[in-house]
Amino acid sequence: MRLVTFTPHNGRGQRAGALIRNDTKVVDLARAHRERHGGRAAALASVLAIAEGGPDALDRAYEVVKGAERRTPQAVLPRSAVRLLAPIPVPPQMRDCLCFEKHLLQGFAAARRVRARSAPDPEAALREMEEKGILAVPEVWYERPIYYKPSRFSVIGTETDIRWPSYSKLLDFELEFGFYIGTPGKDIAKARARAHIFGYTIFNDISARDEQTLEMPGQLGPGKGKDFDGGNAMGPCLVTADELTDPYTLDMAVRVNGEEWGRGNSREMHWKFEDLIAHTSRSETLHAGEFFGSGTVGNGCGLEHMRFLKPGDVIELEVERIGVLRNRVVAG
């Protein structure tokens with residue numbers, strides 16, 4: 001199922017829905033249930049509620065979607081009549097990981113060039129950083145899946161403008177996808193980890209590269225390089241795990257103003273989602289609705305190509321079988 005959170009253009013409030021007809025229509029799940037069975041279905045009140053409700057809630061969603069155009073036509077809306085928010089607009093928790101080695105190798109090399117540009121002698125500064133191993137892939141990355149926690153309050157959906165942060169001159173996109181936890185758990189074995197995934201979506205981890213390169217030597221992870229309103233774009237939908245049985249064969253591409261800037265495939269992941277779940281759940285309970293990002297696929301950000309965004313640019317991230325996440329960058 002392709003779950004969404006939406007707001008009708010002619011109404012208010014957030015609704016849980018399911019995309020049908022090649023994503024051209026949306027079934028209002030709670031309304032379809034009410035019109036078919038009467039009464040309120042708390043399990044269909046939001047996409048988070050469906051994730052928390054487990055298989056029974058998902059089965060109920062499938063039941064009301066089946067034949068909805070015929071049985072409950074008033075609950076079926078044209079895609080053009082709604083605004084899609086992020087699948088879960090405020091996730092209970094977010095973690096963004098670093099699963100793609102190619103991105104790290106290329107990204108760190110480019111970050112050294114960005115920092116060296118501000119030095120009196122850029123070439124000498126670049127050589128010094130390379131000799132000292134500054135902005136190099138840390139050995140710990142090969143030992144364990146590392147991550148940081150993005151702001152769950154900065155999430156936006158597809159077709160929502162990204163406002164340029166006032167303190168940055170180098171704004172960048174990151175082509176990622178990721179998963180939501182369904183079944184909660186603690187100390188989850190890698191062999192059982194896939195069963196805890198509820199579904200998948202696309203993630204654009206917008207980054208202020210100039211600020212990020214300045215703060216990363218502090219060794220506390222990204223701060224204002226990542227944290228600003230609207231910096232975490234997600235969507236367009238959540239594809240449930242039963243419909244995307246293999247997340248490691250997906251083509252991924254990014255376009256800016258219709259021009260392809262980068263392409264990769266999820267098979268290139270060094271760390272798999274099962275690794276992330278097993279690692280993070282050690283002595284810690286993972287809850288339904290928590291989101292994990294894959295990190296950027298190789299060639300999936302402007303930094304790797306030394307090309308950066310400008311106001312007015314339209315970014316499209318496409319991941320096979322999930323869809324296209326589209327956002328425009330506007331001046332802050």
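The values are calculated or read from the model by the stated rules, or taken from the named source; none is laboratory data. Keep in mind it's a predicted model, so treat the numbers as computed, not measured. Every residue, glycine as well, gets a Cβ built from its backbone with ideal geometry; the counts of neighbours run over all protein chains shown.
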(request) Mind listing whichever residues of the stretch 174-194 are in contact with a Cys (Cβ under 9 Å, 6 or more places away or on another chain) and farther than 29 Å from Leu317 by Cα? (result) none
(request) Name every residue in the stretch 253-295 that is surrounded by fewer than 19 Cβ atoms within 10 Å (Cβ to Cβ) and closer than 19 Å to Leu3 by Cα, in order of residue number. (result) His287
(request) Could you list, in sequence order, all residues of the stretch 237-275 that are aromatic (Phe, Trp, Tyr) and within 22 Å of Glu290 (Cβ to Cβ)? (result) Tyr248, Trp271, Phe273
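If you go through the stretch 218-266, how many residues are of a type in the set (Val, Ile, Thr) and within 13 Å of Thr201 (Cβ to Cβ)?
Quick first cut of the stretch 218-266, residues of a type in the set (Val, Ile, Thr) only: 239-240, 245, 249, 254, 256.
Of the ones still in play, those that are also within 13 Å of Thr201 (Cβ to Cβ) are 239-240.
Here the count works out to 2.
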(request) Tell me which residues, restricted to the stretch 130-178, are small (Gly, Ala, Ser) and at pLDDT below 95. (result) Gly133, Ala136
(message) Whether any residue in the stretch 73-92 is in contact (Cβ under 8 Å) with a residue 40 or more places away in the chain and closer than 27 Å to His305 by Cα is what I want to check.
(response) no
(message) So, in the stretch 306-332, how many residues would count as being in contact (Cβ under 8 Å) with a residue 60 or more places away in the chain and outside any loop (DSSP other than H, G, I, E, B)?
(response) 13
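One line per residue, one yes/no per condition, for (1) among the hydrophobic types (A, V, I, L, M, F, W, C); (2) within 23 Å of Ile88 (Cα to Cα); (3) in contact with a helix residue (DSSP H, G or I) (Cβ under 7 Å, 6 or more places away or on another chain); (4) at pLDDT 95 or above:
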| position | (1), (2), (3), (4) |
| --- | --- |
| Val256 | yes, no, no, yes |
| Glu260 | no, no, no, yes |
| Thr280 | no, yes, no, yes |
| Thr296 | no, yes, yes, yes |
| Gly300 | no, no, yes, yes |
| His305 | no, no, no, no |
(request) Select from the stretch 224-252 the residues that are of a type in the set (S, T, N, Q) and surrounded by 23 or more Cβ atoms within 10 Å (Cβ to Cβ) and list them in ascending order. (result) Asn232
